[in-house]
Amino acid sequence: MASKRIPAGQTFIQAGQALECFWYITEGSMQAQFPGGFITLEKGDIVGICDFNRQTHTLSYQAVTDCMIIPYGSPAVLIRTKFFEEHIDNRTRFAVTMNRFVRKTLEKYTITWRSCKQLYDFLSSSYASYRKLCEELHIVIKALPGIDTLEPMESDLTPALWQTSYYAGLHNILLNKTAAPILQENQFVPGYLYHAMGDIHTLLGKFQSVYDYAKEISYLLLNEDRLDLFDLFTGMYFRIGMQHPRSSAISLAIETICSHVEKQPGIPPHLAEGRLQEYHSQMENMKKLMDNPAMSDIQADFQKDYSLPGKLAGSVDIILEYADCTPEVTSAMKNALASYKQLPDKNATTPEVMKLRQTLTKYFYEIYSAAFQVSLMDENIPPILKMFFNFGYMDADLCGMDNACYLYQNVQHYSGSAEHGIYTTHEWLKAIYAGEKEPSINELDVDYEKHVQTMKNEGTINAETAKQMLEDRAQKVLFELDNMFPRASKITSGKPAVFCPILSEHEFIRQPEDALLYPDLIVKVLESIRGADYTVFARTNLTMLSQKENIHDFFNVEIMPDIILMPVIGMRGAMWQEIVGRSRMTAARMMLPIFQLEDLQKIMIRMIGEYRWEMCKRVQGARWNDVTEPSLTSLYYDFLQFYRKNPELSTDTKEKIKTGLQKCKNNFKEYFLNDYATYILFESKGSPHLTKNARAILFSQCPLSAPIRKTLSSNPIYQELLEAHSRSVAERCKKLDNLSKKLIAKQEKVPEVLDQEIEFTKR
């Protein structure tokens, strides 16, 4: 019998594949995989034995280490050729192997069932503990949707202890000499294999039920909506602070939740990773707060000083007075705000409520603009005004007193990070006023310079006024306030139909301490995406290496985007513009809500994917969809436009693409954005989800970084793509090396930018 080598990591057999023969493992180990778990097969085990009388494999088999295997025949062949009658040694081998598989399955099932039961018990007791702590700490109890209908597993899923004892006893018999008479019986082994196989498949069915049950109840631990146990306890922890006597108990509960999350296959890894990353980032911020004596005093003051509600009283009057509003504006705003506070449903779409939101929105931006102009001359902006500028806060009752106190506590020390290109809205407007940044484009994709030129051409202003406006920084700020600010706020809220810019408690489906975005978290997520798609922010620029010898080439320059935090509670990001003005070597602009309700990683991946698409269109110009000039947009356009006629695509793949396009309303850009998210979240981790064509396009136009390529090198799916990329890198490095040699030969100094380009190419 010819042996076969299976390299580590390779899936040898897929579930549903025809069972053509059994395979005996002579070296190494494999995993027999099924929903919710796996069983490890080692030397001496037989691949496929659990499907003894079936025509297809129920399980998938993946090599854990390099394996050597030898084939047997199929079940029908073995019986037809009287294999078990003529080879008594193989009777023992098959019987012992099947017994071992059953016992491993029983053991794994018992562990999985017990873990699931523990999760049920933990969820039930933890929510009860949460309610008790809320009462003790005088915190409003938040509901946990689904906890009231939580039920234990069906009783028939309880492991049968007799089965474990039965197969353990058979194991001892089979390995003992006393088994010889049994094995002499020609029909014993086939009969035993049939019986054991039935037990295995019954167990696998129960596995599926337990797995489905675990997925269902694990939703209470952690979910996309953030209405989960993790959110309840972390929100409570950050609300009371690290110094509270009950903080240790709450911290322990959070750690236990995290340990359960790690065990649940039903919770997407990216979701768990993102939420835990947020939690640890907030913990770091809190520790920094406690380590700083000045900040520590504020924390202690918040916990002990009950005068904070008094400081927040009359917030709207303080803001209106600071902005020096007219009596008419003051009266109209206060009346509209009072009416809004009384609404039982602030998201109602009746004409009256919609008109009220429009009124509030109009006055909010008018007041914001006036207050900002005052703040330019104020070195000590009051905390309530900082809350207004950064968070859209106007009223403590509308915001929720607890929420308002938390924001008051943090606003003095909250800021963006200019070094990483992250700005609060107030910081961004100040940067424009200082001449450090230019205003953004308006909804018609018109920038400030073109806007002024259009006014001049239409005769609205004369040439002298146009010249003054181009130099007037205050006018530039007003352009930003009138155009980008209100539109970007509405978009990032994710609810344009019911949008109101004033901070309101009804929008907080997460605690503000959990939703508030800090720059370090944004940087982490940005770097994780950039760590996969390493060329994402690279722009090619013609660089002169030697003026004398006219030696030049196009080199990559990384230009990181500017990210502006809009003062809203939201669930979307906005890729606002890919460049500023006409220069392609300027930073893109992206907007995020300062209170993020959704998974930040997903939001930013989509936002950066959109940047990828729009930047490519910008570079390609009118030829953005011309496949004779291969680019991200042209290749995707060609792929999706003509997929029906592509002979390389299977019928199933074509149907998959058709369904995807229907979901995207035949929008090619939208289809790409979904593929890009899949590429970053799954394909970069070696989990193939894309079509072959889409993978090839993304791999060529958005190449993965060297560490990821190394990880994927053992996966045959990516082999051809990796080899093509390696050739491309080698050719580019050779060209750059020749340029270096040419400069040296001409006795020219090799510029640092050339070495940087070589390093970038290798990255």
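Residues of the stretch 1-23 being farther than 18 Å from I70 by Cβ and either among the small types (G, A, S) or not in a loop (DSSP other than H, G, I, E, B) (or both), which ones? It would help to see each step written out before you state the result.
First, the residues of the stretch 1-23 that are farther than 18 Å from I70 by Cβ: 8-9, 11, 14-18.
Across the stretch 1-23, the qualifying residues are A8, G9, T11, A15, G16, A18.
Within the stretch 122-133, restricting attention to residues that are surrounded by 13 or more Cβ atoms within 10 Å (Cβ to Cβ) and small (G, A, S), which residue is modelled with the lowest pLDDT?
Among residues in the stretch 122-133 that are surrounded by 13 or more Cβ atoms within 10 Å (Cβ to Cβ) and small (G, A, S), the one modelled with the lowest pLDDT is S124.
So, in the stretch 330-357, how many residues would count as being hydroxyl-bearing (S, T, Y) and surrounded by 15 or more Cβ atoms within 10 Å (Cβ to Cβ)?
Number of matching residues: 2.
Looking at A95, is it among the aliphatic types (A, V, I, L, M), surrounded by 15 or more Cβ atoms within 10 Å (Cβ to Cβ), at pLDDT below 90 and part of a helix (DSSP H, G or I)?
Spelling it out, A95 is indeed among the aliphatic types (A, V, I, L, M), surrounded by 15 or more Cβ atoms within 10 Å (Cβ to Cβ), at pLDDT below 90 and part of a helix (DSSP H, G or I).
What are the residue pairs meeting all of these: first residue in the stretch 733-752, first residue over 24 Å from R763 (Cβ atoms), second residue of a type in the set (S, T, Y), Cβ atoms under 8 Å, and 6 or more apart or on different chains?
K746/S546; E748/S546
Go through the stretch 319-329 and report how many residues are surrounded by 19 or more Cβ atoms within 10 Å (Cβ to Cβ) and out of contact with any Ser or Thr (no Cβ under 9 Å at 6 or more places or on another chain).
Within the stretch 319-329, residues that are surrounded by 19 or more Cβ atoms within 10 Å (Cβ to Cβ) and out of contact with any Ser or Thr (no Cβ under 9 Å at 6 or more places or on another chain) number 2.
Can you find a residue in the stretch 613-627 that is in contact with an Asp or Glu (Cβ under 8 Å, 6 or more places away or on another chain), within 18 Å of A696 (Cα to Cα), surrounded by 13 or more Cβ atoms within 10 Å (Cβ to Cβ) and hydrophobic (A, V, I, L, M, F, W, C)?
Yes, the conditions are met somewhere in the stretch 613-627.
Show me the helices (runs of 4 or more DSSP H) found entirely inside the stretch 615-730 where at least 3 residues are in contact with a helix residue (DSSP H, G or I) (Cβ under 6 Å, 6 or more places away or on another chain) and of a type in the set (A, V, I, L, M).
In the stretch 615-730, 632-641, 668-681, 692-701 are the helices (runs of 4 or more DSSP H) which contain 3 or more residues that are in contact with a helix residue (DSSP H, G or I) (Cβ under 6 Å, 6 or more places away or on another chain) and of a type in the set (A, V, I, L, M).
Does any residue in the stretch 28-56 that is in the same structural domain as N90 (by TED's automatic domain parsing) come within less than 7 Å, Cβ to Cβ, of a residue that is acidic (D, E) and not in a loop (DSSP other than H, G, I, E, B) six or more places away or on a different chain, and which pairs are these?
Within 7 Å, the pairs are K43/E27.
So R695 ticks every box in (1) at negative phi; (2) more than 24 Å from the chain's Cα centre (by Cα) but one. Which box is left unticked?
That leaves (2) as the condition not met.
Restricted to the stretch 202-242, and to residues that are part of a helix (DSSP H, G or I), of a type in the set (A, V, I, L, M, F, W, C) and closer than 30 Å to L516 by Cβ, which residue is nearest to the chain's Cα centre (by Cα)?
So, considering only residues that are part of a helix (DSSP H, G or I), of a type in the set (A, V, I, L, M, F, W, C) and closer than 30 Å to L516 by Cβ, the one nearest to the chain's Cα centre (by Cα) is F230.
Can you confirm whether the stretch 397-405 contains a residue that is closer than 18 Å to C325 by Cβ and without any contact (Cβ under 8 Å) to a residue 60 or more places away in the chain?
Scanning the stretch 397-405 turns up no residue that is closer than 18 Å to C325 by Cβ and without any contact (Cβ under 8 Å) to a residue 60 or more places away in the chain.
So, in the stretch 628-662, exactly how many residues are more than 16 Å from L673 (Cβ to Cβ), of a type in the set (V, I, T) and surrounded by 15 or more Cβ atoms within 10 Å (Cβ to Cβ)?
The number of residues fulfilling the criteria is 1.
Could you say which residue among D533, D562 is surrounded by 17 or more Cβ atoms within 10 Å (Cβ to Cβ) and either without any contact (Cβ under 8 Å) to a residue 60 or more places away in the chain or closer than 25 Å to L698 by Cβ (or both)?
D533
Hey, any hits in the stretch 463-481 for a residue that's over 23 Å from the mean Cα position of the chain (by Cα), surrounded by 17 or more Cβ atoms within 10 Å (Cβ to Cβ), not aromatic (F, W, Y) and not in a helix (DSSP H, G or I)?
Scanning the stretch 463-481 turns up no residue that is over 23 Å from the mean Cα position of the chain (by Cα), surrounded by 17 or more Cβ atoms within 10 Å (Cβ to Cβ), not aromatic (F, W, Y) and not in a helix (DSSP H, G or I).
Quick test of your reading of the structure: Q33 fulfils all but one of (1) over 24 Å from Y718 (Cα atoms); (2) surrounded by fewer than 20 Cβ atoms within 10 Å (Cβ to Cβ). Name the failing condition by number.
The failed condition is (1).
Working only within the stretch 260-284, note down all residues that are under 15 Å from D231 (Cα atoms) and among the polar types (S, T, N, Q).
Once the filter is applied, which keeps residues that are under 15 Å from D231 (Cα atoms) and among the polar types (S, T, N, Q), the stretch 260-284 yields Q277, S281, Q282.
How do the pairs read when you match residues in the stretch 134-150 that are under 19 Å from R510 (Cα atoms) and at pLDDT 80 or above with residues anywhere that are outside any loop (DSSP other than H, G, I, E, B) and among the aromatic types (F, W, Y), using Cβ under 8 Å and keeping only pairs 6 or more apart or on different chains?
Listed by first residue and then by second, the contacts come to L144/Y127; L144/Y130; I147/Y127.
Conditions (1) under 26 Å from N483 (Cβ atoms); (2) of a type in the set (D, E); (3) modelled with pLDDT under 90; (4) in the same structural domain as A488 (by TED's automatic domain parsing), marked per residue:
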site	(1), (2), (3), (4)
A313	no, no, yes, yes
D317	no, yes, yes, yes
A323	yes, no, no, yes
T326	yes, no, yes, yes
M333	yes, no, no, yes
K341	no, no, no, yes
K362	yes, no, no, yes
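Check the stretch 592-606 and report whether any residue there is outside the structural domain of N390 (by TED's automatic domain parsing), surrounded by fewer than 23 Cβ atoms within 10 Å (Cβ to Cβ) and within 17 Å of L698 (Cα to Cα).
yes
Hey, which of the strands (runs of 3 or more DSSP E) in the stretch 538-610, taking only ones fully inside, have at least 1 residues that are of a type outside the set (S, T, Y) and over 26 Å from L429 (Cβ atoms)?
Details: elements: 538-546, 551-558, 562-570, 574-577, 589-596.
Where strands (runs of 3 or more DSSP E) fall fully within the stretch 538-610 and carry at least 1 residues being of a type outside the set (S, T, Y) and over 26 Å from L429 (Cβ atoms), they are 538-546, 551-558.
With the requirement that a residue be in a helix (DSSP H, G or I) and not hydrophobic (A, V, I, L, M, F, W, C), what does the stretch 128-160 give you?
Residues satisfying the conditions are S129, Y130, R131, K132, E135, E136, S155, D156.
Mind telling me which of the residues S440, S493 ends up being farther than 27 Å from L320 by Cα, surrounded by 17 or more Cβ atoms within 10 Å (Cβ to Cβ) and not aliphatic (A, V, I, L, M)?
S440
Scan S528, S440 and give me the residue that is modelled with pLDDT of 95 or more and of a type in the set (S, T, N, Q).
After applying the criteria, what remains is S440.
Determine whether the stretch 674-684 contains at least one residue that is surrounded by 19 or more Cβ atoms within 10 Å (Cβ to Cβ) and of a type in the set (D, E).
There is at least one residue in the stretch 674-684 that is surrounded by 19 or more Cβ atoms within 10 Å (Cβ to Cβ) and of a type in the set (D, E).
Please verify whether the stretch 246-256 includes one or more residues that are outside any helix (DSSP H, G or I) and either at pLDDT below 85 or of a type outside the set (K, R) (or both).
First, the residues of the stretch 246-256 that are outside any helix (DSSP H, G or I): 246.
Narrowing further to those that are either at pLDDT below 85 or of a type outside the set (K, R) (or both): none.
Taking every residue of the stretch 246-256 in turn, none turns out to be outside any helix (DSSP H, G or I) and either at pLDDT below 85 or of a type outside the set (K, R) (or both).
Take the residues of the stretch 19-38 that are aliphatic (A, V, I, L, M) and at pLDDT 90 or above: which is farthest from L204 (Cα to Cα)?
Going through the qualifying residues, I end up with I25.
The values are calculated or read from the model by the stated rules, or taken from the named source; none is laboratory data. Every value quoted in this text rests on a predicted model; they were computed, and no experiment measured them. Cβ sites come from the backbone with ideal geometry, for glycine too, and all protein chains shown count toward neighbours.
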